[in-house]
Amino acid sequence: MPESVPDTELIARAAQIRLQAYAPYSGFLVGAALRGGSGEIYTGVNVENIAYPEGTCAEAGAIAALCAAGGRQIRAIAIIADAPEPVAPCGGCRQKIAEFAAPDLVVTMATTSGAICQLPLQALLPAAFGRSHFAPPQRGGDEG
Ligand code: THU
């Protein structure tokens, strides 16, 4: 459902939390907000590190907050940055989102100046590696 109506509350929360991003090296502040299975909102920001590869994306922060609260489903997600075009999640974050994605999840990408692009996760990560390829034994952490 790529034509779905933009979730303005979710975009606003992503824009609000973006100001807390820790991005002293790139100067590129990113905010992410997602809706869990009950419609509740979790947010995250990018957190960079002087050891550059150790930096984490905003989406990863929001997903960590979801899991810490016991959530295991993403019903909607919005990402926002001050960029010429709506910022698409990086490849690694597409896979992280896919882990918890509700069926037909739509990803909302936005800019601080109001541009919005919405695409199904399926379009952002076609032929994704998933549980149908590899079903690890359940060792806990996945229930709830
Ligand atoms: N970044 C995100 O947080 N999310 C994205 O979807 C794209 C990139 C961050 C990583 C890094 O801190 C900065 O943006 C520049 O790449």
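Can you compute the charge dipole magnitude of the chain about its Cα centre, using +1 on each Lys and Arg Cβ and -1 on each Asp and Glu Cβ, nothing else charged? Give it in debye, rounded to the nearest 20.
220 debye
What order do you get for 30-41, 13-24 when each peptide is scored by the mean count of other beta carbon atoms within 10 Å, highest first? Numbers along the way, then the final one.
Details: 30-41: 20.8, 13-24: 17.8.
Most protected by this proxy first, the peptides run 30-41, 13-24.
Taking a ≥ b ≥ c as the square roots of the eigenvalues of the Cα gyration tensor of region 1-59, is the shape rounded (a/c under 1.5), prolate (a/b larger than b/c) or oblate? Working shown, then result.
Working: a/c = 2.43, a/b = 2.27, b/c = 1.07.
Because a/c hits 1.5 or more and a/b exceeds b/c, region 1-59 counts as prolate.
Which FRET efficiency value, to the nearest 0.05, do you get for Leu119 and Phe28 by plugging their Cβ-Cβ distance into 1/(1 + (r/R0)^6) with R0 = 25 Å?
Once the sixth-power term is evaluated, E becomes 0.75.
Which of the three applies to region 68-144, rounded, prolate or oblate, going by the alpha-carbon gyration tensor with a ≥ b ≥ c and a/c under 1.5 meaning rounded?
Values: a/c = 2.70, a/b = 1.88, b/c = 1.44.
Because a/c hits 1.5 or more and a/b exceeds b/c, region 68-144 counts as prolate.
Taking a ≥ b ≥ c as the square roots of the Cα gyration tensor eigenvalues, with a/c under 1.5 meaning rounded and otherwise prolate when a/b beats b/c, else oblate, which class fits region 2-119?
oblate
For the residues Thr108, Thr56, what sequence is obtained by ranking on other C-beta atoms within 10 Å, fewest first?
Sorted ascending by nearby Cβ count, the order is Thr56, Thr108.
Which angle between 0 and 90 degrees, to the nearest 10, do you get for helix 91-100 versus the longest principal axis of the chain when only C-alpha atoms count?
For helix 91-100, the angle is close to 50 degrees.
With a 10 Å radius around each residue's Cβ, average the other Cβ atoms per peptide and rank 68-75, 92-99, 131-138, highest first.
92-99, 68-75, 131-138
Values quoted throughout were computed directly from the atomic coordinates according to the rules given, and no laboratory measurement underlies them. Not measured: the values here are computed from a predicted model. Backbone-built Cβ (ideal geometry, glycine too); neighbour counts: all protein chains shown.
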